[in-house]
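Bear in mind these aren't lab numbers, they're just calculated from the coordinates by the rules spelled out. If you're wondering where the values come from, they're calculated on a predicted model, not measured in any experiment. Note: ideal-geometry Cβ built from the backbone for every residue, glycine included; neighbour counts use all protein chains shown.
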Protein chains: 2
Amino acid sequence: MSEEQQDQQIIYIGRKGTMSYCLVVVTIFNKGADECILKARGRSISKAVDVAEISTRKFLAEQIKIYDTKIGSEEIETDTGVKTVSTIDITLRRS
Amino acid sequence: MSEEQQDQQIIYIGRKGTMSYCLVVVTIFNKGADECILKARGRSISKAVDVAEISTRKFLAEQIKIYDTKIGSEEIETDTGVKTVSTIDITLRRS
């Protein structure tokens, strides 16, 4: 594993509470990571934005910043066929 | 009003259905605009991403693209005090 890969962590935003994910972000950066990516699909997208905003403005204010935000689509297979869902990738980086 | 301002339209994403907003996007670009911004707060953020993805991939595929995505926070006054909500601004531009 290259050094770059070790420093980059991915957090999948799902059904847990917003604060649980903020705690994961704080832990990752406190362990020395330089970058972490929040990934969410569908209705969890709003929660991912909340996690990014709360982490960068409250818990790790002036330590990390929102480096990039990308939106896209993904096809997922369900019982009733293939469904397209929107996705978001928010990159947080040590500032 | 300068020419630049005339060409830029803002759509506030709220409680209507996703397709209603897609129709507004299609109408704006069909009337000749070069750019339009989707703005949403809180839980409507996921809907704004859906509107952007559906407009750029289905209705106006290869005609418009997602030019920029910005996330942020806003303070709003409620009956119970000031509350911070997350926001998203998605810029769609003629490609």
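Give me the angle, in degrees from 0 to 90, between the Cα long axis of helix B:45-54 and the longest principal axis of the Cα atoms of chain B, rounded to the nearest 10.
On a 0 to 90 degree scale, this one is about 10.
Between copies, how far does the label point of residue A:79 sit from its twins, in nm, shortest first, when each point is 7 Å from Cα along Cα→Cβ?
3.9
Treat each spin label as a single point 7 Å out from the Cα along the C-beta direction, and report the residue B:59 to residue B:79 distance in nm.
3.5
Shortest first, in nm, what separates the label point of residue B:94 from those of the same position in the other copies (7 Å along Cα→Cβ)?
Label-point separations across copies, in nm and ascending: 4.6.
Could you tell me the ratio Rg/Rh of the protein assembly as shown? Both radii from Cα atoms, Rh via Kirkwood.
1.00
Helix A:18-30 versus the longest principal axis of chain A: what angle, 0 to 90°, nearest 10, using Cα atoms?
Tilt of helix A:18-30: around 40 degrees.
If you scale each eigenvalue of the Cα gyration tensor by 5 and take the root, what three semi-axes come out for chain B, rounded to whole angstrom and sorted largest first?
Each semi-axis is √(5λ); the values are 25, 15, 11 Å.
Taking a label point 7 Å out from Cα toward Cβ, give me the nm distances from residue B:57 to the same spot in the other copies, shortest first, one decimal.
The answer, with the shortest distance listed first, is 2.9 nm.
Given contacts defined as C-alpha pairs under 8 Å and at least six residues apart, what's the relative contact order of region B:3-94, whole-number percent?
31
What does the charge dipole of the protein assembly as shown about its Cα centre add up to, to the nearest 20 debye, if the Cβ of each Lys and Arg holds +1 and the Cβ of each Asp and Glu holds -1?
640
Given H placed 1.01 Å from N in the peptide plane, which residues other than close sequence neighbours of residue B:12 have an amide H under 5 Å from its amide H?
B:39
From other protein chains only, count the Cβ atoms within 10 Å of every residue's Cβ in A:70-78, then give the mean.
That average works out to 3.
With θ set to phi - 60° and the Karplus curve 6.51 cos²θ - 1.76 cosθ + 1.60, what are the ³J(HN,Hα) couplings of region B:60-74 in order, to the nearest whole Hz, using x for Gly and Pro?
Values, residue by residue: 10, 4, 6, 9, 10, 9, 7, 8, 7, 10, 10, 10, x, 10, 9 Hz.
Does a label point 7 Å from the Cα of residue A:19, set along Cα-to-beta-carbon, have any residues of region B:67-95 with amide nitrogen under 16 Å, and which are they?
Counting backbone N atoms under 16 Å from the label point, the list is B:84.
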